[in-house]
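Here is the structure we will look at, set down as structure tokens.
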Amino acid sequence: MKVLVAEDDKHIREGLIELLQNEGYETIAVADGQQAIRDFDAESPDFICLDIMMPGVNGYDVCREIRKRNQEMPIIFITAKSEEIDKVIGLELGADDFITKPFGVREVLARIRAVTRRCMASKKGDRQRQSFVMDDLNVLPAELRAQRNEDTIELSLRDIKILETLYKNKGEVVSRDTLFDKCWGFEHMPNSRTLDQHISQLRKRIELDPKEPQIILTVHGAGYRYEAD
């Protein structure tokens, strides 16, 4: 899933890009409104994180231009303004949500995941991403969630990709290179530490006992495996 981030503050822009990429999104970063419009036309993103106060063309005008091209494109406004009138204008222009600076990582992730779920629900291909069961865990890709009995577990886009890859190859060893290609993308240099740390964090959320995993098994020197019953 591809996200266009339009933000003129370098530190905020880079922070958002890092956060999104860690979640498993492909990103396009721009620092002004005019470039945002050009990249929207050229890159066809799935949704947009759009700063309001940018040089040249502001976020409101970018939103107006995008709405001329696409009425359904999800847009999250990122703004330092908190006055009610600003949100009213944004909503009238068709904004899906607002993130007000300064913001916390958990807030941003919650809002981005909510928009991602709406994106998936609106796409035929993603609606057809069926749920599947790994051990006692019911994985719901289109909802970015898993369920165990009455408990709901929030998952990132990358978490879903990892679980889908292991499930589709159940009983087989999935190499680290394969997981990187399918879940990080070919542009990322393979790094076993990055992968192992992500698997470790994922186990903490989905395994009953992360020290004795039943869903994501390590095959030393080779990769990982889901051993179906």
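Would you point out the residue of region 11-57, among those that are among the small types (Gly, Ala, Ser) and touching a residue at least 24 places away in the same chain (Cβ under 8 Å), that is surrounded by the most Cβ atoms within 10 Å (Cβ to Cβ)? Ranking the candidates gives 36 first.
When residue 8 is tested against (1) of a type in the set (D, E, K, R); (2) outside any loop (DSSP other than H, G, I, E, B); (3) in contact (Cβ under 8 Å) with a residue 12 or more places away in the chain, just one condition goes unmet, and that condition is (2).
Restricting the search to region 149-163, which residues are in a strand (DSSP E or B) and free of Cβ contacts under 8 Å to residues at least 12 places away in the same chain? Selection gives 151, 152.
Hey, does region 175-187 have a residue that's modelled with pLDDT of 95 or more, outside the structural domain of residue 46 (by TED's automatic domain parsing), buried (at least 16 other Cβ atoms within 10 Å of the Cβ) and not polar (S, T, N, Q)? No, region 175-187 contains no residue that is modelled with pLDDT of 95 or more, outside the structural domain of residue 46 (by TED's automatic domain parsing), buried (at least 16 other Cβ atoms within 10 Å of the Cβ) and not polar (S, T, N, Q). Output the residues belonging to region 209-223 that are farther than 18 Å from residue 182 by Cβ and either loosely packed, with under 13 Cβ neighbours inside 10 Å or of a type in the set (Asp, Glu) (or both). Passing the criteria: 209, 211, 212, 220, 221. If I filter region 78-95 for residues that are buried (at least 18 other Cβ atoms within 10 Å of the Cβ), part of a strand (DSSP E or B), touching a residue at least 12 places away in the same chain (Cβ under 8 Å) and of a type outside the set (Phe, Trp, Tyr), do I get at least one hit? Within region 78-95 (the criterion being buried (at least 18 other Cβ atoms within 10 Å of the Cβ), part of a strand (DSSP E or B), touching a residue at least 12 places away in the same chain (Cβ under 8 Å) and of a type outside the set (Phe, Trp, Tyr)), the answer is yes, since at least one residue qualifies. Being touching a residue at least 24 places away in the same chain (Cβ under 8 Å) and in a helix (DSSP H, G or I) is a description that does not apply to residue 114.
The values are calculated or read from the model by the stated rules, or taken from the named source; none is laboratory data. Remember, it's a predicted structure, so these values are computed and weren't measured experimentally. Please note: Cβ atoms are built from the backbone with ideal geometry, for glycine as well, and neighbour counts cover all protein chains shown.
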